[in-house]
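Right, one structure below, let's go through it.
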C-alpha cells in the first residue's frame, strides 16, 4: 500500500488497551514532501488489518486506514473493489447476511470500541454510526416523524424537546427552510433531493459520531447533487464523514482524504488534493484519469 | 499486495497521453501536446534566424522573422484555448491535468522567446540599413555561441515535452548557468569597447539588448523545462536552483 500516513503507529496504538483515551486519542500525521504542510489530526476510527469474508470469498484484504476525525474521507475504486463492503463494516450491515465474518478491527475512539468485535452489539454500533443510502428511503410517515423516529427510539418523549431536536436536524441538513411549513406532510411527497436531505436529517438527529454515505447522489440531478455536496462539506464541522462514490469529481470536491481501492485492497490513501494532482501509484493515476478498463 | 494484481491489469503505455477509455480525451491531449511542440519548433527557428540575420546584417532574414511573428502569436492563442477547453470539457486530473496547465504556461514562455527574436530581428534590420557594425562584430563569437546554447536548450526542452522526459528537462535547467556566463563575458567585452570608442554607443546598447534577449530566451527554455519536470513527475521546480547548475 502506498500511503502518506507517516505515523501509522498512532493508528495501531489505538488497539492497545493501554492507549490513551478521551482528549488524548491517537493522532495521525499526514506525511509531506518539501512543498506540503504537515497536518496532525485526531483519529476517529482506526481500521487495522481488516478483512471481510462472504463465505469463503475474501472481499476485503488487510485494510489499514486511519479515519480522521471531522474530516471527509472518500472511498473510490471500480465496481467490485470492496468500497461499499468496507463502508458497511462500520455499522455492521453485513450482520444481516448469513455466513459472513470479519477479521482485524475498526477501533472507534475515544473509547476504543472495536466496531467489528465479536462481542459488540450491532445495535449499539448503529446507534453511533449513521448511514445514508444511494436511494432516498424515508419512512412512509410525516417529515416530522421521519426525523423524530430515532429520537423516540432512544426514549425522548417530551414534545417540545422533540420539536427542538427535529428542527435542529432539519437545519443541519439544510432542509428546514423548505419543509418548515409542511412538517406534517408525508415525506414521500418531497422531491428526490429533499428526501435524501431528510434521510441525512434523520441520521443527524441521533448525533452520530460517523456518518456513512453510500453513493448518496447517484439518483439525484446536478442541483440536488450540489446541495448534498455542500451539505457534506458543512457536516464535517460536527461529524466524521465516510463516503463511497463512483464520481471521481465528487470525491475530489468533497473529500479531505481519499482512499483508492482495488480488488479488496487499499492501493493508495492520501490527501484528496495529492491523489487528484499527483498520485504516488500508477494504478491510482490510471484509474482516476480514466485509463482503467 | 495489489501491485501484482494491478500490474497484470494496468496498461504499459507507449505514449503517456494515450490509453483513456474515452478516446476523444486521448485525441485532445495528443493534439494539445503536438501543437505545443509545433509552436516550440517555430520559435526555435525564429531565434536562430534572427541571430543569423544580425550576424550577416541580412534584411531578408530579418523580415522573415518579423513576418512569422504573427504565427507565433496565433499558436499561443490556439494552444492556450485548447488547454482551456480540455480542462472545461474533460475535467483532467493528475498527470493529464498537469499536462494541460503546464502546456498553457509554456505557451507564454514560447511567445516571449518569440518576442525576443522579433526584437533581435528589428535590430538586424537596422544593421542591414547601414548602422555601424563594430559592436556586433566585437561580440559575434558570443552571439553565435549564445544562439547555439539557447536554441539547443529550447530544442531539448521541447523534445523533453514531446517525450515526457524529466531527465532531459533537468539537464536543460543545468545549462542555463553556462549561458549566463557567456552573457557576462560578452558584456565585459562590450564595455571595454564602449570605453575605448564612444561613437557607437547607441549600437552598443542595442547589442547589449540583443545579448540580453538571448539570455532571456535561455531563461524561457529553462522555465519550459521546469514545466516538463512538473508534467512528468509532479515536482514544482520553479525558483529552485538546478543541482547540476551554478
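From the list A:136, A:140, A:122, the lone residue that is crowded, with 19+ Cβ neighbours inside 10 Å and over 21 Å from residue A:238 (Cα atoms) is A:136.
Quick check: anything in the stretch A:129-144 under 26 Å from residue A:70 (Cα atoms), in contact with a helix residue (DSSP H, G or I) (Cβ under 7 Å, 6 or more places away or on another chain) and part of a helix (DSSP H, G or I)? No, the stretch A:129-144 contains no residue that is under 26 Å from residue A:70 (Cα atoms), in contact with a helix residue (DSSP H, G or I) (Cβ under 7 Å, 6 or more places away or on another chain) and part of a helix (DSSP H, G or I). Restricting the stretch A:270-293 to residues that are more than 7 Å from chain B (Cβ to nearest Cβ) and out of contact with any helix residue (DSSP H, G or I) (no Cβ under 7 Å at 6 or more places or on another chain), the residue that is farthest from residue A:49 (Cα to Cα) is A:273. How about the stretch A:252-269: which of its residues are under 23 Å from residue A:64 (Cβ atoms) and touching a helix residue (DSSP H, G or I) at 6+ places or on another chain (Cβ under 7 Å)? The answer is A:255, A:256, A:257, A:258, A:260, A:261, A:262, A:263, A:265, A:267, A:268. Inspect all residues belonging to the stretch A:259-269 and state whether any of them is more than 11 Å from chain B (Cβ to nearest Cβ), in contact with a strand residue (DSSP E or B) (Cβ under 7 Å, 6 or more places away or on another chain), crowded, with 19+ Cβ neighbours inside 10 Å and closer than 20 Å to residue A:84 by Cα. Taking every residue of the stretch A:259-269 in turn, at least one turns out to be more than 11 Å from chain B (Cβ to nearest Cβ), in contact with a strand residue (DSSP E or B) (Cβ under 7 Å, 6 or more places away or on another chain), crowded, with 19+ Cβ neighbours inside 10 Å and closer than 20 Å to residue A:84 by Cα. Exactly one residue among B:101, B:107, B:78 is under 19 Å from the mean Cα position of the chain (by Cα) and within 14 Å of another protein chain (Cβ to nearest Cβ), and that residue is B:101.
Residue A:189 meets the stated requirement of being surrounded by fewer than 24 Cβ atoms within 10 Å (Cβ to Cβ) and more than 19 Å from residue A:63 (Cβ to Cβ). Inspect all residues belonging to the stretch A:158-170 and state whether any of them is surrounded by 14 or more Cβ atoms within 10 Å (Cβ to Cβ) and outside any helix (DSSP H, G or I). So far as the stretch A:158-170 goes, no, none of its residues is surrounded by 14 or more Cβ atoms within 10 Å (Cβ to Cβ) and outside any helix (DSSP H, G or I). The condition (being touching a helix residue (DSSP H, G or I) at 6+ places or on another chain (Cβ under 9 Å) and without any contact (Cβ under 8 Å) to a residue 24 or more places away in the chain) is satisfied by just one residue among B:122, B:77, B:126: B:77.
Read-outs throughout are calculated quantities, based only on the coordinates presented, and are distinct from any laboratory measurement. None of these values were measured; they are calculated from a predicted model. Cβ coordinates were reconstructed from backbone atoms using ideal geometry, including for glycine residues, and neighbour counts include every protein chain displayed.
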